[in-house]
Amino acid sequence: MRLINVATLEVEEFQGTSIPKYAILSHTWGDGEASLQQWTRRLTRLRHHRKPGFVKINAACVQARRDGLPYLWADTVCIDKTSSAELSEAINSMYAWYANAKICYVYLSDVANRPADNTDTFDLVRQSRWFTRGWTLQELLAPTALIFYSKDWTLLGTKNALAVLISSVTGIPEICLHKRKRLDEYSIAQRMTWAANRITTREEDMAYCLLGIFGINMPLLYGEGINAFRRLQEEIIKVSDDHSIFAFKTDVSEGTLFAHHPSVFANGNGSRIHPNFALKITAPFSMTNAGLAMSTPLIRTLSPYWVLALLNCVEVDDLDNMRRSLVCLSLFGKDNRFMRARAPVSLISLKLDEPPVNTSDDIQDLTTRTETSYYISYFSRVYSVYGTEMDVAMNFGTHISPDSTESEQGFMLTFPRGMANYKLHAAFPANGLRENISFFIPSHFDFPRTDVVSPRGVIIFKDETADPPQHVAEDAIQLLEKADKKGFDETWTHYHQLQSAIVAARTRFKTLNGEPCKEAIMVEIVFDADQLLRERDIDDVRFMSRSSTGLSS
């Protein structure tokens, strides 16, 4: 590690435990930056001492001397950027270097201490370029003592004192800025959203600047483009069992299995997605030559090609810190070989709002506990295997009747515990059912009103093995009318229980490009509620047992 001696301005090298106390500089690059080769030549340093890059380093050395620190680290002059091996080592070590510094000086070159107009200085701080750069994210998070300075090196405040302002600009919680909560206590999705609106000069640096934040070391390969970000995610899953790494929307991502940029996590509400480790242990998952090998519960649909994979992470309400939704991936494929879907929905936040008083609290999550092992691959790997067999399911937007009007609302039919012995018996209207994607869209069709219950929105399932045969029916129009009483983003819940069958409708979402309908309601249908309750009782006993022995933490 090279450090600048603040007394002599000479660059000295240190290794291992011999590294002395030092200050560290965080800044944004501009014109006239000093390099290692220029700084180590005394005459060159004197000749260019008025250039902004040299002035900045000199001023930081002066401040370090005032603070009683003998050395300063600055990236422009302490790394030999002509050596790719040294650059790679430095980038992999940089988070630790910032974390180990006694003080970090943040130099905001675009913030004047006394603005010419009536602009408030802290409004300029909010707008500073420093908050938009990828590399400065780790420089904000790693140091314990961090001090902000204006263009003329006037003190603006410390990270702790400005935590409210910084949190409002960056989206990073104040307790994280105060270091009262470790980085690894935040989900991968949350940490990705902190980088969502930041930029880097080199495309690859969007991945490399996040290495320390995720505790990853990997070689640098400039020239690989967005593959660097995919490679970062592949390295993360080698050391983490956090499913939130997959909690991004594929319709805004260039990739489906892995994200192409942190910004797609912001589109998936990644800031609210937390690990669910306390409730269950995540089964191991890893990359193979067939794709990503995972084991999770799968929520089935009427379609043989569409399933929802239930991730072990939850969406948490920001206001009361309560678990509100499970996170599900929409998968498309066959024989436990899937790709991530882009449409009609790519990511589902399955609501977990409290059921009504006449339904047991134990069944607000209707999903089976049985895990299925499967692979998630890239589109070409899946589609090339099955070819035109899936064309009908893929072309979900081409089966609307020519004389039908555009549908506003519809239903996505799911079976969190499978269909048991039940089979679809009838749908009214029959052409409102789209089995290829498990959508029921009665609003395409206009039936005259009568004095009896209209059949235009009814789905019926039948168990022929029972004596007498059992039927489960749900009036879709009733669900629509109930949903319309609330705004799109408001909480609403419908539960209907008939003997051992439960129909739950609590998740409402917008489909991609308004196809096959603009807004959809996810309907969960369970045919074995009695067995579900028995399993929940067993799980509660097991969870209490783990808690009493300290294994649930």
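The values are calculated or read from the model by the stated rules, or taken from the named source; none is laboratory data. Keep in mind that this is a model prediction, so the values were computed, not measured. Reconstructed Cβ throughout: ideal geometry from the backbone, glycine too, with neighbour counts over all protein chains shown. Only protein heavy atoms, including side chains, enter the accessible area calculation; ligands, DNA and RNA are left aside. Shrake-Rupley method; radii C 1.70, N 1.55, O 1.52, S 1.80 Å.
Figures for the structure shown
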| item | result |
| --- | --- |
| Computed FRET value (nearest 0.05) for LEU87 with SER295, which takes r as the C-beta separation and R₀ as 41 Å | 0.55 |
| Most to least packed among 423-436, 328-341 [average Cβ atoms within 10 Å] | 328-341, 423-436 |
| Cross-link pairs beyond the 28 Å C-alpha cut-off, checked among LYS21/LYS179; LYS249/LYS351; LYS159/LYS351; LYS238/LYS518 | LYS159/LYS351; LYS238/LYS518 |
| Two-site label geometry, LYS334 and ASN431: point separation in nm, points 7 Å out along Cα→Cβ | 2.8 nm |
| Neighbourhood net charge (12 Å Cβ-Cβ; Lys/Arg +1, Asp/Glu -1) for SER128 | +2 |
| Difference of contour (0.36 nm per residue) and Cα-Cα distance, LEU9 to LEU165 | 52.7 nm |
| Simple label model, 7 Å out from Cα along Cβ direction - ILE281 to ASP120, nm | 5.2 nm |
| Amide proton proximity set for ALA426, modelled H, under 5 Å, gap of 5+ | ILE460 |
| For TYR378, solvent-accessible area (1.4 Å; no DNA, RNA or ligand), Å² | 80 Å² |
| Stokes-Einstein translational diffusion, the stretch 110-259 - Kirkwood Rh over all Cα pairs, 1.306 mPa s, 10 °C, in µm²/s | 94 µm²/s |
